[in-house]
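All remarks here apply to the structure that follows.
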Amino acid sequence: MKDYSLYDDRSQMLHYIDRYPKSFTRTPAEPLIERPLTLTERTGPVGLFGCGPLNLAAPKGVRATGQLITVKGRVMDEDGSPIRGAVIELWQANSAGKYIHAMDNHQAPIDPNFTGEGRLVTNEEGEYEFFSIKPGAYPVLESGWWWRPPHIHFSIFGVSWMDRYVTQIFFPGEPLNETDLLLNGVPDKETRNRLIFDFTDTTMGEINSIGYKRDFVLRGHRRTPEVD
């Protein structure tokens, strides 16, 4: 059975973020109670298979509105070994900054050709790849001032439930990155950069897209910060 390193708070988002009231309700007020790991925590999803790159940009066969992007990377454990068969769930706003969700009150159009969600499985090398459109920024209406920069949500299930991981990855060069409460809730700049896509290249031809990359480390001191 695999043992797991403890979380290192220095590589994670602050528990309490000024001007973000939800952070005060999401963090336990009392110390956590330790308990031994059982088979339930040491196992994870099985029987799911990948079938090549996921296409969020045209899930219904019709291209969604927006700039096409290609995103790829690897999922690794604390030792840098690939996590094969990791289940990655994705969700994001459309190019106008709108989610298909009853609680999204942003007055922006819904794209009928874009659901903004999908699921894939890493290959033998822990690699993943998907096509999508670059999400738009959107206002946090109840704040009266805060706009979220473009970002994509990732939920990853590794080889065990101890590897369950949820975060948001942001795009480089976005001015709203400088004021986002969640991104800047990770105080260390080098650690914060683990939440930003790296630009890779552009492609032209049958598919015209901008390429980005982000690797994920699910455990240990190099763990990618969680942002939820």
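Going by the alpha-carbon gyration tensor, a ≥ b ≥ c the square roots of its eigenvalues, is segment 79-192 rounded (a/c under 1.5) or, if a/c is not under 1.5, prolate (a/b greater than b/c) versus oblate?
It comes out oblate by the Cα gyration axes.
Among I83, I196, which comes first, then next, by fewest other beta-carbon atoms within 10 Å?
Fewest-to-most Cβ neighbours within 10 Å comes out as I196, I83.
Please report R148, R19, R84 as a ranked list, fewest other C-beta atoms within 10 angstrom at the top and most at the bottom.
R19, R84, R148
Using amide H atoms built in the peptide plane, which far-off residues or other-chain residues are under 5 Å from G85 H to H?
Placed amide hydrogens put T122, N123, G126 under 5 Å from G85.
Please say if the chain is rounded, prolate or oblate, where rounded means a/c under 1.5 for a ≥ b ≥ c the square roots of the C-alpha gyration tensor eigenvalues, and otherwise the choice is prolate for a/b larger than b/c and oblate otherwise?
oblate
What distance in nm separates the two pseudo spin-label positions at T65 and T27, each 7 Å out from Cα along the beta-carbon direction?
For the pair T65/T27, the computed spacing is 4.0 nm.
Name the residues whose placed amide hydrogens come within less than 5 Å of the amide hydrogen of K98, ignoring near sequence neighbours (fewer than 5 apart) on the same chain.
Excluding prolines and chain starts, which carry no amide H, the hits are G136.
Provide the gained length on full extension for the span I100 to T179, in nm with one decimal, where the gain is 0.36 nm per separating residue minus the Cα-Cα distance.
Fully extending the segment from I100 to T179 adds 25.9 nm.
Just subtract the alpha-carbon distance of W145 and M204 from 0.36 nm times their residue separation and send over the number in nm, one decimal.
17.4 nm
Give the relative contact order (percent, whole number) for the chain; include only Cα pairs under 8 Å separated by 6+ residues.
Computed value for the chain: 27 percent relative contact order.
Return the distance in nm (one decimal) between the two label points of a simple spin-label model at H221 and T38, each offset 7 Å from Cα along Cα→Cβ.
Roughly 3.3 nm, to one decimal.
Which value in nm describes the separation of the simple spin-label points at L14 and E89, placed 7 Å from the Cα toward the beta carbon?
Distance between label points: 2.9 nm.
Tell me what the chain gives for mean residue ellipticity at 222 nm when only DSSP H runs of n ≥ 4 count, each as -39,500 (n - 2.57), the sum divided by the residue total, rounded to 500 deg cm²/dmol.
-1000 deg cm²/dmol
Name the residue, out of T200, T38, T115, whose mean-square fluctuation peaks in a Gaussian network model built on the chain with Cα pairs under 10 Å.
Taking springs between Cα atoms under 10 Å, the residue moving most is T38.
Just so you know, all these numbers are worked out from the coordinates, no wet-lab data involved. From a predicted model like this one, the values you see are computed outputs, not experimental measurements. Reconstructed Cβ throughout: ideal geometry from the backbone, glycine too, with neighbour counts over all protein chains shown.
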